[in-house]
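> Please find one structure pasted underneath; my questions will follow.
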Amino acid sequence: MASVSHSSVAFIGASASDLLRSSSNGVSGLPVRTLGRARLGTGRRDFAVVAKLRKVKKHEYPWPDNADPNVKGGILSHLSHFKPLKEKPKPVTLDFERPLVDLEKKIIDVRKMANETGLDFSDQIISLENKYQQALKDLYTHLAPIQRVNIARHPNRPTFLDHVFSITDKFVELHGDRAGYDDPAIVTGIGTIDGKRYMFMGHQKGRNTKENIQRNFGMPTPHGYRKALRMMYYADHHGFPIVTFIDTPGAFADLKSEELGQGEAIAHNLRTMFGLKVPIVSIVIGEGGSGGALAIGCANKLLMLENAVFYVASPEACAAILWKSAKASPKAAERLKITAPELCRLQIADGIIPELKKMDTQELLKHRMLKFRKIGGFQEGLPVDPKKKVNMKKKEEPIRKTSDLNIEDEVKKLMQQRLDSKEFSVTAPESGLDEMIDKLKREVDREFSEAAKAIGLKDRLAMVREEFSKVNSQDQLVHPSLKAKIEKLRDELNQGVTAAPNYESLKYKLDMLKELFKTKSLAEKNNKAATLRQEINKKFADVMDRPDIKEKFSSLKAEIKNTGAAKIQDLDDGLKEKIVKVKKDIELELANALKSLDLDVEVVKSKEELREQTSFSDVKVKIEELNEEIKEGIESVIKSSDLKDKMELLKLEVAKAGKTPDAVSKNRIAALEQQIKQSLGEALGSSILKEKHEKLKAEISDTVTSSGRLEGSLRNEYPEEDGFMYDEPRVEINVGANRTFA
């Protein structure tokens, strides 16, 4: 075996271990692996090994050389990679903020001009500043949903770590999902607030392009959700409350994430968060998109910053799906209901955190002082915020004393007017009546309060009123216990109010109030009747003025005139039938016209028809009475012991015979049936029943004979007068059911 003589080998700039760590390190331009396999010849005994190393930047560890032990957040905060930015972020102006920027530029230009020229432009500057403040207030008070979306996505909006370092005393970031990866898009850690430990986790966006690329624009991979899951288990084990901050457009949807189980990771987090035994609070600080936000958002309380948004799909994606264009995103943002106020109304979010503007020290102190100064203060004449008004005690209006004599005189005057005139309601001043009722109500309330105070129930009455008004303002059902309390108090008041010293005055005013309500009810009823009467008359006129009705009427009148008849008896049967037919047609048209007014119309029958109907009704009553007597006779016979025994015997015979009775059984059954029929016949064959039956038959015959005659009905409807008996058809109507006409 040939011996190989090794001369000194030169390693330039690196150790041998560094050179051999990778198979790609070069030795004299050849890979080390190739050199290992090559046979080294003995011809050339001197060779050199040269390593070319790439120059790299030294690793920047977060821990500084001169660490400040008194730094905010504790000395361990030096471990965080999240450091203050060296450069101030560039201001970003949103499209809808451009008018404000233009105003700001004008103010700067005017000030610059004032400084350069020495002229006084203070009035113009104050005017522009007021205009700017008003425009700023108007803009941010009435933001459109798409504008709030743009604010939530603002590049300079505070991130999760900005919030955490501001609210915690100490914060230590915890890394890794214990599966080989640490997703920078989700940050987790333990922080303390007033000495109490909390587990914080949230989506972290970058503050500039470099950080956004590093943080993947706040879009987590499955590793990030598994890291958050690990910290949830950790917090649940140690009893730390969990606070999550949501700020993501959604989970990262690339191929690698799907291969690693993005959907499974989100689903696992959802299931786990519903089973954790520690309280969870989630805060949406920017945008919360789809399942990527929900994976750390299943909390006991979901709060949203004032300009945050929370959605299942972004407005652009929704617009592209529904309207095939992302330009419809403003419409989509409005329809999706994704802003904080709308989600609170839908009870998805539990509260809104207002976003404070940046203040200097003096303004900050003044803001805090005013916050506590306004507690418990109020100013008369200003409307109260409805949200505050819910739990406030009802304001007691000052009772203005009114003269009992004046009210009494006015009530008596109204009652007299009501008695004197049926048309009182048409002329009565409704506003004055309502005002009088309001005055009397206040008087009755005052008298009632005094009576309750006199019998020692004032406090209980006030408490029950407060409870009932609270339930009523929230549109809730009255609880049975509160209902029982009200019933009990009402019974006590009814029993004890008679002992109150002002009982007579209270009773008198209540009676006057009842009379006023009756007067008002009658006025409203008469007004409705007058309006209805006008509508009915108009419909009558419309029907009778129709050309076809006029033509029928004129034609019939001409035919009657041509006959030369002076009495109904002189008309032939054909013309009589035609008159009745035309009358029915006109009545039908009038009835249809009135039905269009939501009226139930019933044609009033003639006197002859009413008499016939009455006679038929009398006959019907007599038939029913006869049937009742026959029924009673049958029942009395059945109850007799003899017939009852025969019926029982018949039942036994039928049961014994079965389905195929023999000849003997058939004869017995037939004999028993004959005996039973004979007994019933004897009971019904009494002379009294026969006499009543014959008399009833005669009455029915007379009624049928006297009814149905055309001449009688026609004579009744059109009675004879001097000269010719026929002038115009008359239709009587009865309005019922839906509306009443008197």
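> Out of ALA319, ALA299, which single residue is modelled with pLDDT of 90 or more, of a type in the set (Gly, Ala, Ser) and either farther than 19 Å from VAL243 by Cα or in a helix (DSSP H, G or I) (or both)?
ALA319
> Given (1) modelled with pLDDT under 80; (2) more than 30 Å from ASP598 (Cβ to Cβ), where does LYS485 come up short, assuming only one miss?
So LYS485 meets the others, but not (1).
> Of all residues in the stretch 532-558, which are in a loop (DSSP other than H, G, I, E, B) and surrounded by 12 or more Cβ atoms within 10 Å (Cβ to Cβ)?
Applying the first criterion (in a loop (DSSP other than H, G, I, E, B)) to the stretch 532-558 yields 545-546.
Hit for the stretch 532-558 is ARG546, nothing else.
> Taking TYR225, is it loosely packed, with under 15 Cβ neighbours inside 10 Å and out of contact with any Gly (no Cβ under 6 Å at 6 or more places or on another chain)? First the steps, then the outcome.
Working: loosely packed, with under 15 Cβ neighbours inside 10 Å: no; out of contact with any Gly (no Cβ under 6 Å at 6 or more places or on another chain): yes.
No: the conditions fail for TYR225.
> Out of ASP169, ASP183, which single residue is touching a residue at least 12 places away in the same chain (Cβ under 8 Å) and more than 15 Å from ALA251 (Cβ to Cβ)?
None of the other options fit; the residue is ASP169.
> Counting only residues that are in a loop (DSSP other than H, G, I, E, B), modelled with pLDDT under 80 and not acidic (Asp, Glu), which one in the stretch 328-374 is farthest from the chain's Cα centre (by Cα)?
So, considering only residues that are in a loop (DSSP other than H, G, I, E, B), modelled with pLDDT under 80 and not acidic (Asp, Glu), the one farthest from the chain's Cα centre (by Cα) is MET359.
> I need the full set of residues from the stretch 264-296 which are in a helix (DSSP H, G or I) and in contact with a helix residue (DSSP H, G or I) (Cβ under 8 Å, 6 or more places away or on another chain), in order please. It would help to see each step written out before you state the result.
Keep residues of the stretch 264-296 that are in a helix (DSSP H, G or I), which gives 264-273, 290-294.
Answer for the stretch 264-296, where residues must be in a helix (DSSP H, G or I) and in contact with a helix residue (DSSP H, G or I) (Cβ under 8 Å, 6 or more places away or on another chain): GLU264, ALA265, ILE266, HIS268, ASN269, LEU270, THR272, MET273, GLY291, GLY292, LEU294.
> Check off (1) loosely packed, with under 13 Cβ neighbours inside 10 Å; (2) among the charged types (D, E, K, R); (3) without any contact (Cβ under 8 Å) to a residue 24 or more places away in the chain for LYS578 and give me the number that stays unchecked.
Single failed check for LYS578: (1).
> Tell me the residue from ARG207, ARG226, ARG230, ARG197 that is over 16 Å from GLY297 (Cβ atoms), at pLDDT below 90 and either touching a helix residue (DSSP H, G or I) at 6+ places or on another chain (Cβ under 9 Å) or not in a strand (DSSP E or B) (or both), please.
Numbers: ARG226 fails: at pLDDT below 90; ARG230 fails: at pLDDT below 90; ARG197 fails: at pLDDT below 90.
After applying the criteria, what remains is ARG207.
> Among the residues of the stretch 494-513, which ones are within 20 Å of ASP438 (Cα to Cα) and either in a loop (DSSP other than H, G, I, E, B) or hydrophobic (A, V, I, L, M, F, W, C) (or both)? Explain how you work it out, then say what you get.
As a first pass, look at the stretch 494-513 and keep what is within 20 Å of ASP438 (Cα to Cα): 505-513.
Of everything in the stretch 494-513, those that are within 20 Å of ASP438 (Cα to Cα) and either in a loop (DSSP other than H, G, I, E, B) or hydrophobic (A, V, I, L, M, F, W, C) (or both) turn out to be LEU506, LEU510, MET512, LEU513.
The values are calculated or read from the model by the stated rules, or taken from the named source; none is laboratory data. Bear in mind the structure is a predicted one, so any value in this text is a computation, not a measurement. Here Cβ is always computed from backbone atoms with ideal geometry, including for glycine, and neighbour counts include all displayed protein chains.
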